[in-house]
Amino acid sequence: MLAVRMHRLGGPDVLEVEEIADPVPGPEDLLVRVQATSVNRRDLWIRAGHPHPAYRVPLPAILGIDLCATVIASGESVNRFADGQRITINPYITCGRCENCRRERSQYCEDFDVFHGAYAELALVPQSLAVPVAADVPVEHVACFANSYITAWQMLVGKAHVGPDDVVFVWAGTSGLGSAAVEIARLAGARVIASAGGERKRAVAAGLSPDLVVDHHAEDVVERVLEYTDGRGATIVFEHVGTATWTRSLELCALGGTIVSAGATSGDEVTMDVTAMFVKQLRILGSRLGTMEDALAAIRHFDSGRFRPLVAEVLPLERVADGHRLLEQGAVAGKVVIRVSD
Ligand SMILES: [Zn+2]
């Protein structure tokens, strides 16, 4: 099969297109033909050698955690999926043995792993991670599901308990994660404010129908949010940017509000006015990926056509490295999808 592998850490050039042996399914595996995947920040961090151990993988590695695929063969213990079935994935692999897993708190698994291997014509998916998806959902949409929608669902529904009384502020509303958050917050009946940088991204963000779009390059975001909320601020701040936005997240968050974070695309280091934080009685919640419960809840809204991911570019498998460059440059509004087969 054709696959894009990396043998060492580095820039996009380390992603090499290679012909390698087809994978052979173990007893619990589905062998799937990949129709599409997409590029995530996580892939860039792994490729470049992010210092956090959560971003280390054994080399050589085939990256790619998003998946739209068809089952073509199964291991002998597979009993919940059949050949020809269309699937996507929840890439979060829990150990099933640690105390948190045994107490049904698998979101906090002490020995978790994350699936990767979708930058290829074929992949192995343990049946425990596979998520059925309706046949009529566009391939490119399914390819945007796993990383963005499951993560955003866990953040907003699982952690922040979003509801109709909330005003949700979403940084970078045209990013994969940000655009998923706008859709989920709207579905929950919340009022939604999305930020976007520059005129083009602002127009794309407006297409997701938030209640307000603010330009984080041209406008005073804190002032706009306070103005829109009669001085109260946002009850939920959707953070995934880090260094560049953290101070403003604190400032625009309402009394008793929640900042939920699952990423630091602009950097990990922030300074924080602790007094401002505790006087406001803020909740600061960390999050990563999501449970199978999140995945199954979120996929229903794909099946019904309610969620329509923002797709910026569709590239063939051979151009995964270009996809990494596009995301690194920050020029794309939406996801970079890799179309592997029909
Ligand atoms: Zn565990």
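The values are calculated or read from the model by the stated rules, or taken from the named source; none is laboratory data. Not measured: the values here are computed from a predicted model. Neighbour counts run over all protein chains shown; Cβ positions are idealised from the backbone, glycine included.
For the reader, a short list of remarks on this structure follows.
- In region 282-302, the residue that is nearest to L129 (Cα to Cα) out of those that are part of a strand (DSSP E or B) and in contact with a helix residue (DSSP H, G or I) (Cβ under 8 Å, 6 or more places away or on another chain) is L285.
- Listed by first and then second residue, the pairs linking a residue in region 123-140 that is farther than 10 Å from T88 by Cβ and in the same structural domain as P25 (by TED's automatic domain parsing) to a residue that is aromatic (F, W, Y) and surrounded by 15 or more Cβ atoms within 10 Å (Cβ to Cβ), with Cβ atoms under 7 Å apart and 6 or more places separating them unless they lie on different chains, are Q127/F81.
- Residues within region 86-125 that are within 8 Å of the ligand (Cβ to nearest atom) and part of a loop (DSSP other than H, G, I, E, B), tallied: 9
- Evaluation of V314 against the conditions (1) modelled with pLDDT under 95; (2) in contact with an Asp or Glu (Cβ under 7 Å, 6 or more places away or on another chain) shows that the sole unmet condition is (1).
- Residue match in region 22-42 (condition: of a type in the set (V, I, T) and surrounded by fewer than 22 Cβ atoms within 10 Å (Cβ to Cβ)): yes
- Unique residue being outside any loop (DSSP other than H, G, I, E, B), within 17 Å of the chain's Cα centre (by Cα) and farther than 20 Å from G256 by Cβ when the list is A203, A181, A185, A172: A181
- R80 vs. criteria of a type outside the set (A, V, I, L, M, F, W, C), within 13 Å of the ligand (Cβ to nearest atom) and either more than 20 Å from R288 (Cβ to Cβ) or not in a helix (DSSP H, G or I) (or both): no
- Members of region 227-281 found to be part of a loop (DSSP other than H, G, I, E, B) and either within 14 Å of I193 (Cβ to Cβ) or outside the structural domain of V213 (by TED's automatic domain parsing) (or both), listed by number: T229, D230, R232, G233, T245
- Filter result for R224 (without any contact (Cβ under 8 Å) to a residue 60 or more places away in the chain and either in contact with a strand residue (DSSP E or B) (Cβ under 9 Å, 6 or more places away or on another chain) or over 11 Å from V167 (Cβ atoms) (or both)): yes
- Some residue of region 7-20 being touching a residue at least 60 places away in the same chain (Cβ under 8 Å) and either of a type in the set (S, T, Y) or more than 28 Å from A321 (Cβ to Cβ) (or both): no
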